[in-house]
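> The structure under discussion is supplied below as structure tokens; questions concerning it will follow.
The values are calculated or read from the model by the stated rules, or taken from the named source; none is laboratory data. This one's a predicted model, so the numbers in the text were calculated from it and none came from an experiment. For neighbour counting, all protein chains shown are included, and Cβ atoms are generated from backbone atoms with ideal geometry for every residue, glycine included.
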Amino acid sequence: MRSFRPTPVPSSEITAEGVFLRRRAFLRAAAGTAVGLGLPGCSDAEQAQARPGEAPLLKPLTGVIPGPKELQADDPPTAFKDASSYNNFYEFGTDKSDPAAHAGSLRPRPWSVAIEGEVGRPGVIDLDDLLRPHTLEDRIYRLRCVEAWSMVIPWVGIPLAAVLKRFDPVSKAKYVAFETLVDPEQMPGQRRSTLDWPYREGLRIDEAMHPLTLLAVGMYGKVLPNQNGAPLRLVVPWKYGFKSIKSIVKIRLTARQPRTTWQMENAREYGFFANVNPEVSHPRWSQARERRIGEWGKRPTLMLNGYGEQVESLYRGMDLREFY
Ligand code: MTE
């Protein structure tokens with residue numbers, strides 16, 4: 001058995017206070033305008049564009065998890081234009097530029113989500129009804145893709161735990177399985193069998209209930225662009241980006257570990273846990289370093305993407321080489 005060492009750098013919702021204070025001022029200003037776009041003096045991160053006819057998300061900023069000062073300076077949010085134009089979303093094609101080019105055909109409203117399996121109150125719920133009782137929170141998280149690039153993204157969302165609890169999980173619920181929409185008309189990439197659709201992901205119940213695990217509906221203070229997984233996506237910041245399933249239509253609580261898309265594609269290369277781990281190489285490349293989009297050179301990848309302080313207790317006693 002191999003236990004892991006604490007991360008060298010402390011935990012890290014890199015919630016740069018300055019960014020939030022500036023953004024709070026921005027949102028106040030935006031609240032006074034129709035759509036709040038193109039305000040002079042806004043940083044790149046703040047210049048997210050709402051789609052035509054769509055209101056930006058305007059809301060009080062709550063639930064910010066403060067991050068360590070040293071990371072705040074080093075870890076500014078990725079430019080919105082990069083975060084919304086360099087994407088993985090195979091339902092729209094396999095090139096990084098495909099989702100931004102083709103995701104216009106996705107209709108994020110009306111949208112409903114099925115919550116089923118080991119819950120006391122299963123059902124299909126309209127997304128707006130799902131969100132209504134919750135207060136949206138801001139979380140700036142690093143996203144580390146398994147392909148060794150990374151971004152820092154200010155998400156807007158709600159903790160997955162808060163949503164799941166409303167449906168009364170029963171004691172048999174040990175895992176949570178997620179599925180993306182299947183609709184080749186809206187998702188042209190699904191006309192080919194690039195993957196075995198629907199895209200599927202899963203978490204252990206304690207991972208799903210962890211306060212860092214977010215159901216995101218926005219980023220950079222705006223509704224999610226289609227290419228980033230509108231209208232609802234998962235964000236699990238200590239895991240490789242592929243766990244962050246987009247455009248979710250089904251959440252199923254299960255007694256047994258669900259099958260996930262990348263495991264089904266290639267179980268040797270992609271495990272169920274997919275925790276960011278610089279010490280466990282992908283069979284075809286090292287995971288020790290990463291390229292932050294928008295930067296030159298590479299930086300070291302942090303154990304559990306820098307969130308070890310918050311989540312390492314979930315894996316105590318587990319051999320992370322075996323459970324990769
Ligand atoms: N979700 C679906 N439905 N389809 C996908 O192809 N790609 C995953 C994940 N979620 C993917 C998905 C991968 S590999 C990554 S790295 C992240 O989305 C990328 O999220 P981003 O484009 O918002 O950066």
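> Go through the residues of the stretch 238-247 one by one and say whether even a single one is more than 8 Å from the ligand (Cβ to nearest atom), closer than 16 Å to R204 by Cα and either surrounded by 20 or more Cβ atoms within 10 Å (Cβ to Cβ) or not acidic (D, E) (or both).
Yes: one or more hits.
> Something else: For residues that are in contact with a Ser or Thr (Cβ under 7 Å, 6 or more places away or on another chain) and small (G, A, S), scanning just the stretch 95-121, find the one that is nearest to K165 (Cα to Cα).
Per the stated criteria, the residue is G117.
> Moving on. Just the residues that are closer than 19 Å to L181 by Cα, assigned to a loop (DSSP other than H, G, I, E, B) and more than 7 Å from the ligand (Cβ to nearest atom), please, taken from the stretch 219-232.
Those that are closer than 19 Å to L181 by Cα, assigned to a loop (DSSP other than H, G, I, E, B) and more than 7 Å from the ligand (Cβ to nearest atom): L224, P225, A230, P231, L232.
> Could you count how many residues in the stretch 300-324 are free of Cβ contacts under 8 Å to residues at least 40 places away in the same chain and under 20 Å from S286 (Cα atoms)?
2
> Given the stretch 67-172, what strands (runs of 3 or more DSSP E) lie entirely inside it while holding 3 or more residues that are within 30 Å of P184 (Cβ to Cβ) and within 16 Å of the ligand (Cβ to nearest atom)?
Per the criteria, 149-159.
> Given the structure, is G294 at positive phi, within 11 Å of the ligand (Cβ to nearest atom) and not polar (S, T, N, Q)?
no
> May I ask you to say which residue of Q186, Q190, Q227, Q257 is touching a Gly at 6+ places or on another chain (Cβ under 8 Å) and of a type in the set (S, T, N, Q)?
Being touching a Gly at 6+ places or on another chain (Cβ under 8 Å) and of a type in the set (S, T, N, Q) holds for just one of Q186, Q190, Q227, Q257, which is Q257.
Residues checked against (1) away from the ligand (no atom under 12 Å from the Cβ); (2) in a helix (DSSP H, G or I); (3) touching a Cys at 6+ places or on another chain (Cβ under 6 Å):
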position: L212; (1), (2), (3): yes, no, no
position: L215; (1), (2), (3): yes, no, no
position: L234; (1), (2), (3): no, no, no
position: V249; (1), (2), (3): no, no, no
position: R259; (1), (2), (3): yes, no, no
position: M264; (1), (2), (3): yes, yes, no
position: R268; (1), (2), (3): yes, no, no
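Conditions (1) under 13 Å from the mean Cα position of the chain (by Cα); (2) surrounded by fewer than 21 Cβ atoms within 10 Å (Cβ to Cβ); (3) over 22 Å from E269 (Cα atoms), marked per residue:
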position	(1), (2), (3)
L143	yes, no, no
V146	no, yes, no
W149	no, yes, no
V156	yes, no, yes
P159	yes, yes, yes
D168	no, yes, yes
K172	no, yes, yes
A177	no, no, no
D183	no, yes, yes
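> Additional query: Just to be sure before I move on: is E201 near the ligand (Cβ under 10 Å from one of its atoms) and either surrounded by fewer than 20 Cβ atoms within 10 Å (Cβ to Cβ) or at pLDDT 95 or above (or both) in the structure I sent?
yes
> Which is in contact with a His (Cβ under 8 Å, 6 or more places away or on another chain) and at pLDDT below 95, of I140, I158, I153?
After ruling out the rest, the residue left standing is I158.
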